[in-house]
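I have placed the structure first, in the form of structure tokens, so that the comments after it can refer back to it.
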Amino acid sequence: MTNFKVPVWGYWMMGIGFAAFVAMLIAYIHKNRGFRRPVFASPYVLWLIVFTVIPCFLVAYFSFTDPQGNFTFDNFKNFWDSNYNARKAIAPEDLKMYQDMGLSLEDLGLARDSINIDTLVFSLWMAFLCTAICLLLGYPAAHIMADREFKLGPTLVILFVVPMWMNFLLRTIALMSLMEDGGLLNTIFEWLGLGKQKLLNNIPAVQVGMIYNFLPFMVFPIYNVLNKMDYKLSEAAMDLGCNKWQVFYKVTLPLSVPGVVSGITMVFMPAVTTFYISRLLGGGKVQLFGDLIEAKFLSTSLNEWNGGSALSLVMMILILLSLGLLNKVDPDNEGGGMV
Amino acid sequence: MKFIKRFYLGLVLAFLYIPIVVLIVQSFNAGKSRAKWEGFSFRWYEELFKDPNIMNSLVITLAIAVLAALFATIIGTLAAIGIHAMKRRPQQLMLTLNNIPMTMPDIVTGISLMLLFIFTQVERGFVTMLLAHITFDVPYVILSIMPKLKQMNKNTYEAALDLGATPMYALFHVILPQVMPGVITGAMLAFTLSLDDFTISYFTTSPLVQNLSTLIYSQARKGIKPTMNALSALMFVALLLLLLVVNKRTAEEE
Amino acid sequence: MEEQRLITLEDIYKQYDGTTVLDHINLYIRKKEFVTLLGPSGCGKTTTLRIIGGFETADSGRVIFDGQDISGIPPYKRRVNTVFQKYALFPHLNVRDNIAFGLKLKKMSKAEIDRKVDYMLDLVNLKGYGKRGVDSLSGGQQQRIAIARALVNEPEVLLLDEPLGALDLKLRKEMQLELKAMQQRLGITFLYVTHDQEEALTMSDTIVVMQGGRILQIGTPKSIYDEPKNAFVANFIGESNIFPGTMIRDELVHFCGADFPCVDSGFGEDHPVDVVIRPEDILLVGEDVGQVTGTIKSVLFKGVHYEMIIDAGHSIWKVHSTTMQPEGSRVGLAVVPFNIHIMHRMEEEKPQEEAKK
């Protein structure tokens, strides 16, 4: 486990980023003031209830119960204090005995008390960074492709659309193979006389993997909005005396807000929830919130479904909140959430 | 300026595509090394097809994709027609519910389904994975058919009834032929997504029943073998082709 | 009379989400009659048609067809056929299969179907178009096919929901005549929905003027044009000048600051009324001999006539005349007694007029 602490300025950046996002939202919201066919939907209604609605409630149910099925808040207490359940299981005198024997908490299979929260904050930080970088990289790309004079734009955008649908796992593996110790990148480095670099199993590697996977999700919605925008608007703006730069920040940028918001949501959400990117590129040394959840469900040693459910519930609420925000800003889904 | 713009776009696309291209090239490398080119060969592809584990997973993957696409298309087509005919309120509710599996992160969908199977004590394996795949496929089928239904003159159904057709007859002879392109796109999309899925499969199957994605993941955690390169390359090409076709269809329909 | 009634609507009431769309409609339609439901959009005319077609059910009231209550009968069992607003042709079938759709459902023999379809194609002047796809045809042609598709089933009543709405003006006029001729030749009852008053006047035997879910007036085109029951009908059917006035006594009405002899009586003395005068019924006379005098504010050339807006002090008059007077000139206005139409005030218009005073 890499002992990573989010730097103080990181908190500030996240705070400011979030505040800016909210401000953008508020500004935007403020500005824009017998036998009948429905029966055919019934099989799906049933399917939805069983495989979508009930599972959602099950996550909530498992979150509020212990393994014996009794109602409890312990899973959430355990979320704040990751050893809460463990301490309950081990008598205090035993714990003291082990500690006297010189065994650390880790030796006992216990992690830092704040591991859950730390990981969540770290995941949010990573996702925030990823979103910010994707926005910086993606907006210009989308803008270039949406240019009416660039005839190749509509064709090239397909190259961004296809990866959106394509298995992240495969793409991550492609990246992994490129960055491996014996991979092509390192060979090039050696050939250049830079020597072998350790490219994998660290935080930057995970970050690169996230950007690599999620960049198309930023480019496409922005492109979509820019492309649908009436070019006569910029002509009108120029006619009224705007120079090129003024046209951009007075007309194009404000009008592309729905796309930007859509893109931010579509990058941020999977970035917060990913687990295999960190597993493959971080080599188990970088743990994200998704890894934490995955481990609680699928690691052979702990079958902590209840604790895992509580973590999932936290994640679900996070996602629902951001989706709610998205719907407020982009109710018609102009950004074209999906293709 | 023009050059800088194109150069920048080229860089971004290179970032996205170089790893994939390199992986595909490597899969034809005769040697084991990832860096040194030891000649063109199909060696890894041959090994791939000799590996019983991989072949087994391939069969599972295809079986799941075909079955899931089939069921999802049937359920989704009926559902889309039904939802389209609903009054505003229930229609909104249905579309919102329909959006849940699409907007929820895969990991949450996977876990919630896994909990369903744990809760109901269904042993995870082929059937549970199939059920999960149908669940995430149907919304996309509905989404492909809905625009077709909206484009359709809503009076054609009534016109059929007016001319003496029963609702069933009208459904099969008037509505269905008109939305057929959407149905086919939906089926192809469902097949592709099912082929493509890793996360949800990962949580809803047992280690004994693996599709290609989960197999690749379990192997990749231990480091990438050249056969995995070959397998990934094959999947890339298959998915790329399918996605291009689906994309072309949706673009044409719009 | 009673035995001629083919369709009777009894006290039909319908609401959507709390808004009343049809407010206790009573109406009957005779055999072989061309009836037009006329009114602005949202007046309930299309809903009335859809209730007769069976696509909607009324919240209360009965639909009687040929002596039977058909309120609960689904559309595919009703002996009526519909021509839909945007034709609703089946895009996946060619012209011939579109027309044959209903006949095939009746399990008719192939030869019989072919014969009837050919007859219909001939009737609508589209011989030789049978194999064409419907999307390749023009709006007017699609319209004819929609009519043929409905008529081939030999319905007792043909329902037409603004069938000419999507056509351009010239084509629309041609089709109006064609439809009327077709109806007379085939002897089928037509129930026609439109918001176009001219269309209604041209084709109908009977016009039903609707507004806000109610029937305002039922009558022949001539009676509705000449004797509109209230200011709304007058205004909707053709252009009108509508003035608030007072009935001084029988056959004398006061409006726009002058007394006018008229032919109406029975309103009582000093009774407030609406006075309706058609623009073409106003005579321009010398300034000294007019019943009222005014200044010409504007003149518009409209082809057949000039349209002049005349300011007569307290009132504005719209006048149609074939002779033009220059803008700004003073003229006298006169109206002969039988061209002055006196009607009871519509209740909802009262407050407005009081505000004007």
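The values are calculated or read from the model by the stated rules, or taken from the named source; none is laboratory data. Keep in mind that what you see is a predicted model, and the values were worked out from it rather than measured. Note that each Cβ is placed from the backbone with ideal geometry, even for glycine, and that neighbours are counted across all protein chains shown.
Within the range A:302-331, how many residues turn out to be in contact with a Pro (Cβ under 8 Å, 6 or more places away or on another chain) and at pLDDT below 80? Final tally of qualifying residues: 2.
Within the range A:191-222, which residues are farther than 25 Å from B:K222 by Cβ, facing chain B (nearest Cβ under 10 Å) and out of contact with any Pro (no Cβ under 8 Å at 6 or more places or on another chain)?
Result: A:W191, A:I211, A:L215, A:V219.
Among the criteria (1) within 13 Å of chain B (Cβ to nearest Cβ); (2) over 33 Å from the mean Cα position of the chain (by Cα), the one C:I99 does not fulfil is (2).
Residues of the range C:279-313 that are in a strand (DSSP E or B), under 14 Å from C:G332 (Cβ atoms) and within 32 Å of the chain's Cα centre (by Cα): C:L283, C:L284, C:M308, C:I310, C:D311. In the range B:171-180, the qualifying residues are those that are modelled with pLDDT of 90 or more and touching a helix residue (DSSP H, G or I) at 6+ places or on another chain (Cβ under 9 Å), and the one that is farthest from C:L159 (Cα to Cα) is B:M180. Please work out if C:L27 is crowded, with 17+ Cβ neighbours inside 10 Å, closer than 21 Å to C:Y225 by Cβ and touching a Lys or Arg at 6+ places or on another chain (Cβ under 9 Å). Taking the combined requirement at face value, the residue does not satisfy it.
C:G213 satisfies every condition listed in (1) farther than 28 Å from C:T20 by Cα; (2) buried (at least 22 other Cβ atoms within 10 Å of the Cβ); (3) not assigned by TED's automatic domain parsing to the domain that holds C:C262 except (1). Whenever a residue of the range B:60-86 is within 18 Å of B:K148 (Cβ to Cβ) and facing another protein chain (nearest Cβ under 10 Å), its partners that are aliphatic (A, V, I, L, M) and surrounded by fewer than 23 Cβ atoms within 10 Å (Cβ to Cβ), lying with C-beta atoms within less than 6 angstrom and at least six residues away or across chains, give the pairs B:T77/B:V183; B:A80/B:M146; B:I83/B:M94; B:H84/B:L149.
Scanning the range B:41-57 turns up no residue that is modelled with pLDDT of 90 or more, in a helix (DSSP H, G or I) and more than 26 Å from the chain's Cα centre (by Cα). Taken over the range B:105-163, the criterion of being more than 10 Å from chain A (Cβ to nearest Cβ), of a type in the set (V, I, T) and outside any helix (DSSP H, G or I) is satisfied by B:V122 alone. A single member of C:D161, C:D196 is over 20 Å from C:D97 (Cβ atoms) and modelled with pLDDT of 90 or more, and it is C:D161. When we screen C:V209, C:V276, C:V319, C:V253 for residues that are touching a Cys at 6+ places or on another chain (Cβ under 7 Å) and either among the charged types (D, E, K, R) or not in a loop (DSSP other than H, G, I, E, B) (or both), the only hit is C:V253.
Looking at the structure I just gave you, is A:F217 within 21 Å of the chain's Cα centre (by Cα), modelled with pLDDT of 80 or more and either closer than 19 Å to A:L137 by Cβ or outside any loop (DSSP other than H, G, I, E, B) (or both)?
The answer is yes for A:F217.
As for the range C:98-107, it holds no residue that is touching a strand residue (DSSP E or B) at 6+ places or on another chain (Cβ under 7 Å) and not basic (K, R).
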